[in-house]
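S.K.: Here you go, one structure.
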Amino acid sequence: MANPQDQLSKKSLEEKINGFGQILQNFGLNLIQNIGEMKHELSILSDKVGKIEEEVHELRDLKYQLHETNRSRSEILNEAQKIKNHLSKLSLKFTDMNSENFSKQDPQENKTALDVLNDLERKVRSISTAHELLSVIKASKEELFIITGGHKILFDIKTFERKIKPGMDIIHENVSSLLLEKIEDWKLEL
């Protein structure tokens, strides 16, 4: 038979081994659970680090785009300044040219269309040949074209001009009176 003390010690040893096994089993389960939680947290942290890396790349891209935008803006502003300077120079040249031209112009060059028609009327009253009348009408027509840039009375003048025969030595009185009436009508059309 076995010694009761040996059995007791065997039983106590078995209980201690079972207790130690239980402790190891709990420790292993806790360790596995903690490792799982840590793996999950590391996965979350890894995702967050990945997102942060993407945002850093986007910020770098934005920084580059902002730099390019600022560079483009600077170039545009420089070009705008150059254009502004050129326009200022042109404006000064035009001002100088206009003041020179204005001072050189004679009062005849500042005529209005009405002035041209009044001159035509005055000249028609003093002309006696068809040739003189045609040259006066043509000159007046050109002046009116320059002043008005084109007006319907120019067509009327051209039509009247065709009625005058260049071979006529003396203008008939009715031609002169008809032209004077037309001039009065043209004055009203201006």
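The values are calculated or read from the model by the stated rules, or taken from the named source; none is laboratory data. Note that the structure is predicted; figures quoted are calculated from it, not measured. Note: ideal-geometry Cβ built from the backbone for every residue, glycine included; neighbour counts use all protein chains shown. Remember, those area values only see protein heavy atoms, side chains included, never the ligands or the DNA or RNA. Shrake-Rupley method; radii C 1.70, N 1.55, O 1.52, S 1.80 Å.
S.K.: So how strong a dipole does the chain carry about its Cα centre when Lys and Arg Cβ are +1 and Asp and Glu Cβ are -1, to the nearest 20 debye?
M.R.: The calculation lands at about 220 debye.
S.K.: Rg and Dmax in Å for the chain, alpha carbons only: what are they?
M.R.: Rg then Dmax for the chain, in Å: 54.5, 176.
S.K.: Further, regarding this structure: Can you pull a Stokes-Einstein diffusion coefficient for the stretch 127-169 at 37 °C (0.692 mPa s), Rh from Kirkwood over Cα pairs, as a whole number of µm²/s?
M.R.: Diffusion coefficient, whole number: 306 µm²/s.
S.K.: Further question on the same structure: Enter the accessible area per residue of the chain (Å², integer; probe 1.4 Å; all protein chains in place).
M.R.: Here the per-residue accessible area is 82 Å².
S.K.: Report the relative contact order of the chain, percent, no decimals, based on alpha-carbon pairs under 8 angstrom and at least 6 residues apart.
M.R.: Here the relative contact order equals 18 percent.
S.K.: Lysines within cross-link reach of residue 48: Cα-Cα under 23 Å, excluding same-chain residues under 8 positions apart?
M.R.: Leaving aside lysines fewer than 8 places away in the same chain, those within reach of residue 48 are 39, 63.
S.K.: Over 22 Å between C-alpha atoms is what I'm after, so list which of 141/163; 165/187; 111/138; 89/111 land there.
M.R.: The pairs that break the limit, which is 22 Å between Cα atoms, are 165/187; 89/111.
S.K.: Separate question: Under the 0.36 nm per residue contour assumption, what length would be gained going from the current alpha-carbon distance of residue 53 and residue 34 to full extension?
M.R.: Using 0.36 nm per residue and subtracting the Cα-Cα distance, I get 4.1 nm.
S.K.: Something else: Let me check I have the definition right: for the stretch 1-66, take the eigenvalues of the Cα gyration tensor, multiply each by 5, take square roots. What are those semi-axes in whole Å, largest first?
M.R.: After scaling each eigenvalue by five and taking roots: 62, 6, 4 Å.
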